[in-house]
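Here is the structure we will look at.
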Amino acid sequence: MSVNEAKTAILNNKTALGIEFGSTRIKAVLVDDKYNPIASGSYDWENRYENGVWTYSLDDIHKGLQGSYSDLVKDVKEKYDVELTSVGALGISAMMHGYMPFDKEGKLLVPFRTWRNNITGEASEKLMELFQYNIPQRWSIAHLYQAILNGEEHLPRIDYLSTLAGYVHWKLTGKRVLGVGEASGMFPIDSKTKDYDQNMVETFDKLIAPKGYSWKLRDILPQVLVAGEPAGNLAEGGAKLLDPSGELEAGIPMCPPEGDAGTGMVATNSVTVHTGNVSAGTSVFAMVVM
């Protein structure tokens with residue numbers, strides 16, 4: 001496409017912006033209404049091993065979000081001589097799984113436990129036996145149950161449990177939601193209802209009932225949304241978080257936050273039956289659509 005066509009798309013908000021939190025780099029990509037990439041930005045980061053846990057701090061997350069976006073804004077300015085103040089739509093994706101519990105004031109109760117941690121073996125095995133369903137160690141429910149088995153003091157104060165993509169979306173919109181693909185890395189999904197498996201939810205609630213927590217599982221998990229459902233709009237505070245310069249306008253519609261598995265499928269157009277893709281990043285995995 002020509003420079004003028006791309007510039008027109010930007011000025012008319014015929015664009016969509018995706019920001020993806022990978023393990024070593026955060027990428028921001030702007031596409032036009034014909035799915036042509038027209039600008040990009042990035043921010044390099046790395047996880048830390050602290051007190052036996054692989055983690056990123058909230059400060060790391062916020063700086064990375066802002067850094068990738070500001071790099072994109074710079075790219076738009078250099079290519080098209082346009083100050084980016086809005087986009088047609090916005091979406092967040094990130095490395096899946098992990099454990100980010102928050103209290104009622106929005107305070108992170110323990111450092112973010114990423115997918116990379118293998119510290120939930122006991123919980124994983126017990127949940128697989130309980131559910132008769134594969135529960136990998138990296139899943140959020142395995143992290144939650146391991147914390148319960150460990151008797152961690154923060155558990156009674158949990159008000160919200162999310163993943164990295166869900167956290168960023170929450171900070172930008174105020175909405176506690178997840179795309180169904182990302183949610184499937186927190187807790188098993190019923191493919192018929194496209195929601196958390198209710199029988200397993202009830203089984204887990206019965207399992208932990210003797211602990212006497214004030215919450216049940218659905219109270220603290222994000223709402224599950226499917227592709228195409230509205231997931232809120234960029235709030236005033238979210239716009240300032242993403243762009244501290246204040247140039248970015250609030251109100252941009254946002255799609256449900258997703259995981260890197262789903263975005264990898266879309267990026268390779270492996271979304272129909274009998275297609276598949278292989279991801280070779282920090283980990284290597286394959287996905288086949290049955």
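The values are calculated or read from the model by the stated rules, or taken from the named source; none is laboratory data. Bear in mind that the values here come from a model prediction, so they are computed numbers and not experimental data. Methodologically, a virtual Cβ is constructed for each residue, glycine included, from the backbone with ideal geometry; neighbour enumeration extends over all protein chains shown. Heads up: the accessible areas ignore ligands, DNA and RNA and are worked out on the full protein's heavy atoms, side chains in. Shrake-Rupley method; radii C 1.70, N 1.55, O 1.52, S 1.80 Å.
At-a-glance table
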read-out	value
Gaussian network model of the chain, Cα within-10 Å springs - most flexible of Ser140, Ser245, Ser57	Ser245
Mean Kyte hydropathy of -1.0 or more with a Cα span along the axis of at least 24 Å, helices from DSSP in the chain	58-80
In the stretch 1-97, the GluC sites (Glu not before Pro) that fall in loop regions by DSSP, at most 13 other Cβ within 10 Å	Glu46, Glu83
Exposure rank, largest accessible area first [Val288, Val87; 1.4 Å]	Val288, Val87
Gyration tensor (alpha-carbon) shape descriptor, the stretch 122-182, a/c threshold 1.5	oblate
For the stretch 175-191, 3J(HN,Hα) per residue [Karplus equation, 6.51 cos²θ - 1.76 cosθ + 1.60, θ = phi - 60°, Hz, x = Gly/Pro]	9, 9, 9, 9, x, 4, x, 5, 4, 5, x, 9, 7, x, 9, 8, 5
Gaussian network model of the chain, Cα within-10 Å springs - most flexible of Gly22, Gly52, Gly41	Gly52
Cα centroid of the stretch 142-173 to Cα centroid of the stretch 1-22, whole Å	35 Å
³J(HN,Hα) computed for each position of the stretch 152-157 - Karplus, 6.51 cos²θ - 1.76 cosθ + 1.60, integer Hz, glycine/proline x	5, 6, 6, 4, x, 9
In the stretch 192-290, trypsin sites (Lys or Arg not before Pro) in a DSSP loop with at most 11 other beta-carbon atoms within 10 Å	Lys192
Counting DSSP beta bridges with both ends in the chain, the antiparallel % (nearest 5)	75 percent
Label of the coordinate-derived value, Cα extents along the principal axes in Å, listed as [x] 64, 41, 37; [y] 64, 45, 42; [z] 63, 44, 32	[z]
Under the Karplus curve 6.51 cos²θ - 1.76 cosθ + 1.60, θ = phi - 60°, whole-Hz ³J(HN,Hα) for the stretch 82-92, x wherever Gly or Pro sits	10, 8, 6, 10, 6, 9, x, 7, 9, x, 10
Signed unit charges on C-beta, dipole axis of the chain, positive-most listed residue Gly98, Phe21, Phe131	Phe131
Highest-fluctuation residue, Asn134, Asn47, Asn117 considered, GNM on the chain with Cα pairs under 10 Å	Asn134
For the stretch 151-232, size of Cβ-based charge dipole, Lys and Arg +1, Asp and Glu -1, in debye	140 debye
